[in-house]
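Asks: Sharing a structure below in structure tokens format, with a few things to ask.
The values are calculated or read from the model by the stated rules, or taken from the named source; none is laboratory data. The structure presented is a predicted model; accordingly, all values stated were derived computationally and were not measured. Because the Cβ atoms are built from the backbone with ideal geometry, glycine has one as well, and the counts that use them run over all protein chains shown. Just the protein is used for accessible areas: all its heavy atoms, side chains included, with ligands, DNA and RNA removed. Shrake-Rupley method; radii C 1.70, N 1.55, O 1.52, S 1.80 Å.
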Amino acid sequence: MKIVILTGAGVSAESGLGTFRDKDGLWTQYDLSDVATPEGFERDPVKVHDFYNARRANAAQADPNAAHFALARLAERHSGEVVLITQNVDGLHELAGQEAIHMHGALSRAKCAVCDAKWDAPLRMTATDPCPSCSKPATRPDIVWFGEFPEYMDEIEAHLISADLFVAIGTSGQVYPAAGFVAKAARAGAATLEINLEPSDVSGLFDDHRHGSASEIVPIWVDEVLGPPDSS
Ligand code: APR
């Protein structure tokens, strides 16, 4: 059974990293048009770098939680294919030992706004840092901003239409194209499960729902999929 999983900020909430749209979420503290759009970066690159430097420092202090570790265990022990797509830009899935398709980029990566070269980001970045490839002072976070096209979409679409089970964990279902993944997987015949603190904007499109905190619910669900320890 091929399992395709999509995670959002809710899977990292219990690692101490904020979500975006919950009470006190990032988008209640910052105007996303200032810090998560190309226009905002054009207007004030210092503000954008300050925002991502703070998030990078936070993420560097965070540890994976039981949900991240359970998903890594599933990938390791499930007899079928497990594909993890994340909207998150923290590296907690990788820290838990699991590869993830980062459709919104990663805090750990930098890129050049002129020549598009990419490299490992230092903890603190400034817009005047020279690009290692073209030397232009045009460094930006390698994050997909609103109005930009998410990465790896061809690969992601191929996984969605070949999934037997699609599971969304910790996402509000408010941002496309990720919010449309459940419909695409379901249309191609996948069973669908939503694991979230509360119903998301696309809850009605899922066959099954488990509402509660990811660090509690995900390990239970993974144990059910893997069966009792001696059976997998
Ligand atoms: N366990 C499970 N779910 C949780 C938990 C938790 N401990 N805490 C919060 N949640 C759920 C919330 O109920 C909410 O539905 O996680 C979801 C987080 O939603 P958002 O804050 O909108 O985050 P996300 O869905 O990842 O946002 C998608 O929007 O701003 C962009 O690029 C950004 O990748 C992000 C995208």
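Asks: If I model a spin label at ARG109 and LEU95 as a point 7 Å from the Cα along the Cα→Cβ vector, what separation in nanometres do I get?
Replies: Using points 7 Å along Cα→Cβ, the separation is 1.9 nm.
Asks: Now a separate question. Tell me, what is the percent relative contact order of segment 68-110, built from C-alpha pairs under 8 Å that lie six or more residues apart?
Replies: Once normalised by length, the contact order is 40 percent.
Asks: Follow-up. Sort out the exposed loop GluC sites (Glu not before Pro) in the chain (DSSP loop, at most 14 other Cβ within 10 Å) and tell me the longest stretch that has none.
Replies: My reading of the result: 149-232 is the longest stretch.
Asks: In terms of solvent-accessible area of protein heavy atoms at a 1.4 angstrom probe, what is the ranking of PHE69, PHE41, PHE20, PHE146, highest value first?
Replies: So the residues, ranked largest to smallest area, are PHE69, PHE146, PHE20, PHE41.
Asks: Something else: Solvent-accessible area of SER133, probe 1.4 Å, all protein chains present, reported in Å² to the nearest ten, please.
Replies: 80 Å²
Asks: Under a Cβ-Cβ limit of 4.7 Å, which cysteines in the chain have nobody to pair with?
Replies: none
Asks: Please report the accessible area of ASP154 (heavy atoms, 1.4 Å probe, ligands and nucleic acids excluded) in Å², nearest 10.
Replies: So the heavy atoms of ASP154 present about 130 Å² to solvent.
Asks: Evaluate the relative contact order of the chain (contact order divided by residue number), counting alpha-carbon pairs under 8 angstrom at least 6 apart; express in whole percent.
Replies: Relative contact order, the chain: 23 percent.
Asks: Using Cα pairs under 8 angstrom and six or more residues apart, how large is the relative contact order of segment 179-232, in percent?
Replies: Reported as a whole number, the value is 27 percent.
Asks: While we're on this one: What is the list of residues in segment 182-205 whose amide nitrogen lies under 16 Å from a point 7 angstrom out from the Cα of MET1, following Cα to Cβ?
Replies: 186, 189-195
Asks: Here's a follow-up. Under a 1.4 Å probe, what is the accessible area of the chain per residue, stated in Å²?
Replies: 47 Å²
Asks: Just read off the accessible area of TRP27 with the full protein assembly in place, 1.4 Å probe, to the nearest 10 Å².
Replies: It works out to around 50 Å².
Asks: Follow-up. Over 25 Å between Cα atoms, which of LYS23/LYS118; LYS47/LYS111; LYS2/LYS184; LYS47/LYS184 qualify?
Replies: Over 25 Å Cα-Cα: LYS23/LYS118; LYS47/LYS184.
Asks: ASP22 to SER133: FRET efficiency via 1/(1 + (r/R0)^6), r the Cβ-Cβ distance, R0 41 Å, to the nearest 0.05?
Replies: 0.60
Asks: Could you work out the helix-only [θ] at 222 nm for the chain, with each DSSP H run of four or more residues adding -39,500 (n - 2.57) and the total divided by the number of residues, to the nearest 500 deg cm²/dmol?
Replies: Result for the chain: -9000 deg cm²/dmol, rounded to the nearest 500.
Asks: Can you compute the FRET efficiency between ALA60 and ARG187 using 1/(1 + (r/R0)^6), with r the Cβ-Cβ distance and R0 = 35 Å? Round to the nearest 0.05.
Replies: After rounding, the FRET efficiency stands at 0.30.
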